[in-house]
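The values are calculated or read from the model by the stated rules, or taken from the named source; none is laboratory data. Since this is a predicted model, take the numbers as computed values, not measurements. Methodologically, a virtual Cβ is constructed for each residue, glycine included, from the backbone with ideal geometry; neighbour enumeration extends over all protein chains shown.
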Amino acid sequence: MRGCMDRLRILPCLLLALASAGPSAAAHAAERKVLRYAFEIAETGFDPVEISDIYSRDVVRNIFDAPLHFAYLAAPGTIEPATADGMPEVSSDYKTFTIHIKKGIYFTADAAFGGKRRELTAADYVYSYKRIFDPHWNCPNYDIFETLGVVGMQALRDEALKSGHFDYDRTVEGLKTLDRYTFQIQLSTPAPRFLLNLADASVTGAVAREVVEKYGDGMMAHPVGTGPFRLVEWRRSSFIALERNSDYRTDIFHVTPDPSDAGAQKIARELDGRRLPLIDRVEISIIEESQPRWLSFLNGEADFLDIMPRDLANLALPNGKPAPNLVRKHIQIERVPQIDVTLFDYNMDSPVIGGYTPQKIALRRALNLGFDTPESIRTYYTFQALPAQSPLMPGEYGYDPKLRTENGLTSVARAKALLDQYGYMPRHGTRWRDNPDGSPLVIEIATEPDQRSRISDEIFQKSLDALDIRCRFKVAKWPDQMKAARAGNFMIWSLGWSVTQPDPTDILRIGYGPATGADNLSRFKLAAYDDLYVKQNQIPDGPERLLLLRQMTALLVAYAPMKFEAHRYVIDMAYPWVRYYRRWPFILGEFWRYVDIDPALKARTH
């Protein structure tokens, strides 16, 4: 997908240069550069091995370093070295990966190192990846590496499950150091796209053993990394502050920009040769309600609006054009397709809607057919989304824009016919349907206590009312709902998935049996699907793999362990003093290091 696809961009008017700004220009230039914005959902913590939500991961990506990263402004999906000294060496059978680490990279000074900084070595990556296998941490990304078959690591994990002790000191053939700055990963199966996993610091960032041993189960509050920023303040679910890491490696920006994107080329020219990061501090508030978050931005309390509330799209962009108040403030506006999918997870272990019998499959299919997706696109997303046909997203390998499935269809008549056919009928003199055994059928939906969720809840309730199905709502904060979902304590919960790489293996884990309780929140377990998942992951891209991907998505549609709802557009906004920002594919929270703040322009504008 082109990074500029369907992009609406309004550039701010150019004001006077700093050189002509008068005696105060130098003072403004010396001011600290602070980027302020808000998350719409609260974080859970900052230990790479324990997190799965995008908000925590955005922060973690700026504290820790993976060996590789995606290149900002380059052709989407381009990866390049981060801490790695050149690109890794890959064997011809895609089973052995040798990574050399640059010398002179340091962890931030911390009490775990006696108050000093400590150099990053290959052993840190080996230790960090072993943590993924340690049962103590219950890593939500464990199944990625389990599926790949890191030689010897599963045996080490199995022993820990029996003994209660994970032996980090044992040398394992599949995950070992070759020298101080070189480590090697050996897999039992081919993995042609394995390097993509080494480009996400929120999963494969280096964590120091001394830090883990000092803080233990308090790691979520004590991230110590080698990345461009360090955590300096955290008020849980309220406020997060990070500052430039003074020990950060020399990181000079240089990239070959996407040749199809003139805007990316211009920014790349201006950034070329500059040392990253450009700003001194990032401050993040947690504002879950859309109206207060919007007003905070309009009032100048935030410099940047990450994903403008969709329910306010008509107010901010009437008839697709910026509102006059935004024009007067020279607000930069960018509308792009987000590489994501929203979905409803159905708990396959639920006695009400779970299971693999024809009756239970029919119930879930009826819920999918009966959900009013057009109304959701119209009122909840205010037309800033398109219906999803499968989990595959625009911008991912294998996405077919021409595909049409039952998942993307809304038909109350077909849904009712399914329910009638499989015995979900009223039996007690009311309009409400009962289960085939005569017990009451009541659907419980997990939701959050914010206004946006209430809009979605209303659509869901009206959709179920049209099917003559009773429902109730279980309200809790998003982090609490995530904990409950991972534990299997829910019936239906809706959430969105944003991918970190162009390969669909990541999103397809939502149906992979061994990922149950992690990415597979629906707890779907089907041997045929698992076999296809493993097989497609072991072969190069091409017609054979595309066929396997189609078969997998067909199984998800047929068994309906979830409802794929929509692929969203996002509208980002920034004041004119925020420079160099672009929402770039697979560059998520990492954008912090590339943006700049112009204090003099900010002062003059205010």
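Values for this structure:
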{"quantity": "Single unsatisfied condition, Arg293 versus (1) within 20 Å of Gly589 (Cα to Cα); (2) outside any helix (DSSP H, G or I)", "calculated": "(2)"}
{"quantity": "Boolean, Leu549 is surrounded by 21 or more Cβ atoms within 10 Å (Cβ to Cβ) and not hydroxyl-bearing (Ser, Thr, Tyr)", "calculated": "yes"}
{"quantity": "Looking only at region 154-169, and only at residues there that are part of a helix (DSSP H, G or I) and of a type in the set (A, V, I, L, M, F, W, C), the one that is farthest from Gln186 (Cα to Cα)", "calculated": "Leu161"}
{"quantity": "Count of region 334-360 residues which are crowded, with 18+ Cβ neighbours inside 10 Å, at pLDDT 95 or above and β-branched (Val, Ile, Thr)", "calculated": "4"}
{"quantity": "Flag for Ala476 being surrounded by fewer than 21 Cβ atoms within 10 Å (Cβ to Cβ), closer than 16 Å to Ser56 by Cβ and either at pLDDT 95 or above or touching a Lys or Arg at 6+ places or on another chain (Cβ under 7 Å) (or both)", "calculated": "no"}
{"quantity": "Test for Ala82: is it among the aliphatic types (A, V, I, L, M), within 29 Å of Ser188 (Cβ to Cβ) and under 24 Å from the mean Cα position of the chain (by Cα)", "calculated": "yes"}
{"quantity": "Considering residues of region 557-590 that are within 25 Å of Ser296 (Cβ to Cβ) and acidic (Asp, Glu) only, the residue farthest from the chain's Cα centre (by Cα)", "calculated": "Asp572"}
{"quantity": "Of the criteria (1) at pLDDT 95 or above; (2) more than 30 Å from Arg454 (Cβ to Cβ), which one Pro514 fails", "calculated": "(1)"}
{"quantity": "Test result for Tyr380, in contact with a helix residue (DSSP H, G or I) (Cβ under 7 Å, 6 or more places away or on another chain), touching a residue at least 40 places away in the same chain (Cβ under 8 Å) and either of a type in the set (Phe, Trp, Tyr) or surrounded by fewer than 18 Cβ atoms within 10 Å (Cβ to Cβ) (or both)", "calculated": "yes"}
{"quantity": "Single unsatisfied condition, Lys483 versus (1) in a helix (DSSP H, G or I); (2) free of Cβ contacts under 8 Å to residues at least 12 places away in the same chain; (3) over 24 Å from Thr500 (Cα atoms)", "calculated": "(3)"}
{"quantity": "Residues of region 180-192 that turn out to be in contact with a helix residue (DSSP H, G or I) (Cβ under 7 Å, 6 or more places away or on another chain) and not hydrophobic (A, V, I, L, M, F, W, C), as a count", "calculated": "4"}
{"quantity": "Condition met for Tyr399 (surrounded by fewer than 21 Cβ atoms within 10 Å (Cβ to Cβ), part of a loop (DSSP other than H, G, I, E, B), among the aromatic types (Phe, Trp, Tyr) and modelled with pLDDT of 95 or more)", "calculated": "yes"}
{"quantity": "Whichever residue in region 521-536 is of a type outside the set (A, V, I, L, M) and without any contact (Cβ under 8 Å) to a residue 40 or more places away in the chain and, among such residues, is surrounded by the fewest Cβ atoms within 10 Å (Cβ to Cβ)", "calculated": "Asp531"}
{"quantity": "Residues within region 304-336 that are assigned to a loop (DSSP other than H, G, I, E, B) and in contact with a helix residue (DSSP H, G or I) (Cβ under 8 Å, 6 or more places away or on another chain), tallied", "calculated": "6"}
{"quantity": "Those residues of region 313-326 which are free of Cβ contacts under 8 Å to residues at least 24 places away in the same chain and of a type in the set (A, V, I, L, M, F, W, C), in sequence order", "calculated": "Leu315, Ala323"}
{"quantity": "Where Asn141 falls short, out of the listed (1) surrounded by 21 or more Cβ atoms within 10 Å (Cβ to Cβ); (2) closer than 28 Å to Thr44 by Cα; (3) in contact with a helix residue (DSSP H, G or I) (Cβ under 8 Å, 6 or more places away or on another chain); (4) at pLDDT 95 or above", "calculated": "(4)"}
{"quantity": "Residue check, Phe586 outside any strand (DSSP E or B), aromatic (Phe, Trp, Tyr) and either under 29 Å from Ala201 (Cβ atoms) or in contact with a His (Cβ under 8 Å, 6 or more places away or on another chain) (or both)", "calculated": "yes"}
{"quantity": "Extreme residue, nearest to Gln338 (Cα to Cα), among residues of region 45-69 that are among the polar types (S, T, N, Q) and modelled with pLDDT of 95 or more", "calculated": "Ser56"}
{"quantity": "Any hit, region 186-202, residues being of a type in the set (Val, Ile, Thr) and either in contact with an Asp or Glu (Cβ under 7 Å, 6 or more places away or on another chain) or not in a loop (DSSP other than H, G, I, E, B) (or both)", "calculated": "no"}
{"quantity": "Total residues in region 211-239, condition in a helix (DSSP H, G or I), crowded, with 18+ Cβ neighbours inside 10 Å and touching a helix residue (DSSP H, G or I) at 6+ places or on another chain (Cβ under 7 Å)", "calculated": "3"}
{"quantity": "Selection within region 91-111 - buried (at least 16 other Cβ atoms within 10 Å of the Cβ), under 28 Å from the mean Cα position of the chain (by Cα) and assigned to a strand (DSSP E or B)", "calculated": "Thr96, Phe97, Ile99, His100, Ile101, Tyr106, Phe107, Thr108"}
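Each row is one residue, and each column tells you yes or no for (1) of a type in the set (Val, Ile, Thr); (2) surrounded by 15 or more Cβ atoms within 10 Å (Cβ to Cβ); (3) under 24 Å from the mean Cα position of the chain (by Cα).
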{"residue": "Leu271", "(1), (2), (3)": "no, yes, no"}
{"residue": "Val282", "(1), (2), (3)": "yes, yes, yes"}
{"residue": "Trp294", "(1), (2), (3)": "no, yes, yes"}
{"residue": "Ala302", "(1), (2), (3)": "no, yes, yes"}
{"residue": "Arg310", "(1), (2), (3)": "no, yes, yes"}
{"residue": "Leu317", "(1), (2), (3)": "no, yes, no"}
{"residue": "Gly320", "(1), (2), (3)": "no, no, no"}
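Residue-by-condition table, conditions (1) under 30 Å from Glu334 (Cα atoms); (2) of a type in the set (D, E, K, R):
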site	(1), (2)
Leu231	yes, no
Phe239	yes, no
Glu243	yes, yes
Arg249	no, yes
Asp261	yes, yes
Arg269	yes, yes
Arg274	yes, yes
Leu278	yes, no
